[in-house]
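All remarks here apply to the structure that follows.
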Amino acid sequence: MDPIYLDHAATTPIDPKVLEVMIQTYQEVIGNPSSIHSFGRQARKVIDDARHKIAKYIGARSRDIVFTSGGTEGDNMAIIGAAMAHRKSGKHIITTKIEHHGVFRTCEYLEKQGFEVDYLDVDRTGRISLDDLKSKLRDDTILVSIMYGNNEVGTIQPIREIAHLLSEHQALFHTDAVQAFGTVDMDVKDTPIDLLSMTGHKIGGPKGVGFLYIRDGVTLASFTHGGDQERKRRAGTQNVPAIAGLGKAVEQVAGHLSERISDCLLARRSLLGALDSSGINYRINGNPEHFLPQVLNLYFPGTNVETLLTRLDLEGIAVSSGSACTAGSIEPSHVLTAMFGPDAAETRSSIRISFGSGNTPERVAQAGTVIARCVHDLVESGKAGETL
Ligand SMILES: Cc1ncc(COP(=O)(O)O)c(C=O)c1O
């Protein structure tokens, strides 16, 4: 069987249209966008066009978009930048227990710098409670960072409600929209988000490029020191071909959002259909109503996640145990731990399947049948006390 890639939440294959734009940019655009001669102006136009497309898609102004090297840098820039710029107004930050490490570890770093961080609990579906957030807000809270959609279980947070709640408060609102960007419609005009980070490689764009949206009037302390690029908010020569590719990838999302969502939902139904017809025991981890269509986290009682992933890899099926950054580590997922408790079976027996381009319903159903067979074998060998 040809291998089946079901790990699009880790990263996506590049969209051929994006690649085309990047190759053309590499070949034809040689200038530094900060140079004033025609070669520089040509490069400048490429990044201005990409900025314009991105800004238009999220309802922002071009000048509110800062190019970064991806999600992690955007998260760091937003959180450290906001904390350092606003520390005279307070040292309290609120985030959640299920953030990606790009946010989580940045908050831990700030705790070491003297900031106080509250990590909100989530329920068993991975959602925070607005009442809990309200009760943790203090006069000296300067930043709230809550992810749009979770990368491991796909749960979407009540971002609109949070943004409106915080618009009455001094605290800035940052959201890590890295996973949600390609399958959730987002508009910063309707939803008063102050800072929004995304990355290109989850939406068919290149790796190592992304952007941070910074609402007009929001000040951040810059932690790169050097040239005046990106209106002095991110020093360093921009990666022009990658930015051109990012612009094209966002344009592709903008033009095909509902198709992307329905393709992922179809793949999801195919996979669940194959599992249901096999009769194996499983449960979906996540929220049944508020979820990213491309992320499906499944609990298979009686299996060991490491063994299951190895078996599936040998069968040519690429899925994961959670975040790509922690997959391979023996640490149980902090997201599943926050949802189910430290010793819960879900933390040892769950896998993440994530859909994207190339995942036809037929191929996904085929993968579902193989997953069901592997799970069945592991459960049976576990009962018999064997090791596979
Ligand atoms: C929710 C979330 N935030 C941030 C990141 C980091 O993005 P990048 O790999 O572009 O640094 C990821 C990547 O897995 C993610 O899923």
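The values are calculated or read from the model by the stated rules, or taken from the named source; none is laboratory data. Keep in mind that what you see is a predicted model, and the values were worked out from it rather than measured. Cβ: placed from backbone, ideal geometry, glycine included. Neighbour counts: every protein chain shown. Just the protein is used for accessible areas: all its heavy atoms, side chains included, with ligands, DNA and RNA removed. Shrake-Rupley method; radii C 1.70, N 1.55, O 1.52, S 1.80 Å.
Couple of notes before you dig in:
- Measuring between their Cα centroids, the stretch 68-138 and the stretch 265-316 lie 30 Å from each other.
- Radius 9 Å from Cβ of Gly182, net charge of other residues (Lys, Arg +1; Asp, Glu -1): +2
- Heavy-atom accessible area with a 1.4 Å probe sorts Arg44, Arg269, largest first, into Arg269, Arg44.
- Long-range Cα-Cα pairs in the stretch 171-256 (distance over 19 Å), rounded percent: 45
- Point-charge dipole on Cβ atoms (K/R +1, D/E -1) for the chain, about Cα centre, debye to 20: 1100
- Span-rule helices in the chain, defined as complete DSSP H runs reaching 24 Å or more along the axis (Cα) with Kyte mean at least 0.0: 240-278
- Nonlocal amide H pairs with Thr360, under 5 Å, H built at 1.01 Å: none
- Rolling a 1.4 Å probe across all protein chains gives Met339 an accessible area of roughly 10 Å².
- For the pair Asp187 and Asp377, a Förster radius of 51 Å applied to the C-beta separation gives a FRET efficiency near 0.60, rounded to the nearest 0.05.
- Summed side-chain charge close to Arg61 - residues other than Arg61 whose Cβ falls under 11 Å, Lys, Arg +1, Asp, Glu -1: +3
- Per the Debye formula on identical point scatterers at the alpha carbon atoms of the stretch 167-208, with no solvent, log10 I(q)/I(0) at q = 0.21, 0.23, 0.25 Å⁻¹ is -0.72, -0.81, -0.89.
- Placing one equal scatterer on every Cα of the stretch 16-252 and applying the Debye formula, the log10 ratio I(q)/I(0) at q = 0.09, 0.14, 0.16, 0.17 Å⁻¹ is -0.37, -0.86, -1.09, -1.21.
- Max mean-square fluctuation residue, GNM over the chain, Cα-Cα springs under 10 Å, options Gln238, Gln113, Gln157: Gln113
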